[in-house]
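A quick write-up on the structure given underneath.
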Amino acid sequence: MGFFDDVKDTVVNTSRGVGNKAKELAEVTKLKNAITAQERKIREQYETIGRLYVENYGQQPEAMFKEAIAAIHSAKTIIAQKQEELNELKSVKICPACGAAVEEESAFCNKCGAKI
Ligand SMILES: [Zn+2]
């Protein structure tokens with residue numbers, strides 16, 4: 001084999017290598033995405049289990065859940081306070097029909113359509 005044949009072979013092998021690498025990378029991405037999707041499903045199910053537990057047993061939780069449930073209640077209280085502050089800042093009114101925050105100058109609720 002002459003020099004140019006060697007060069008040609010090298011170019012062909014290198015581009016094949018690049019092709020394989022790209023394919024490999026695409027496969028890695030696909031697998032990682034599949035894993036991430038399943039992990040998300042698991043997180044969503046944990047969340048569902050937690051919400052169902054709080055909804056059904058939150059009033060009298062077993063000892064091991066008390067701290068977590070108290071943290072949720074305390075976070076909800078803080079959210080309500082911050083929302084109140086936000087409403088005051090944005091000078092919004094509360095819809096008498098559905099309780100949604102509505103811009104002060106709006107004549108109708110943008111959530112339920114009730115006249116303000
Ligand atoms: Zn409304």
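What follows is calculated from the coordinates using simple rules that are stated; it is not laboratory data. This one's a predicted model, so the numbers in the text were calculated from it and none came from an experiment. Every residue, glycine as well, gets a Cβ built from its backbone with ideal geometry; the counts of neighbours run over all protein chains shown.
Structural remarks
- Under 5 Å between amide hydrogens, built in the peptide plane, is the criterion, and for A114 it picks out C109 among residues at least 5 positions away or on other chains.
- Charged-residue dipole, Cβ positions (Lys, Arg, Asp, Glu), region 3-90 about Cα centre, Debye nearest 20: 160 debye
- The local environment of G58, defined by Cβ-Cβ distances under 12 Å, has a net charge of +1 under the rule Lys, Arg +1 and Asp, Glu -1.
- When only Cα pairs below 8 angstrom with a gap of at least 6 residues are kept, the chain shows a relative contact order of 9 percent.
- Cut-off under 5 Å, modelled amide H: who pairs with A97 long-range: none
- Lysine pair count for the chain [Cα-Cα under 15 Å; pairs on different chains or 8 or more apart]: 6
- In plain terms, the chain from E47 to A26 could stretch by 4.4 nm, reckoned as 0.36 nm per residue minus the Cα-Cα distance.
- Between 0 and 90°, nearest 10: helix 3-57 axis offset from the chain longest Cα axis: 20 degrees
- Leading residue at positive end of dipole, region 3-90 (Cβ point charges), from L52, I79, G19: G19
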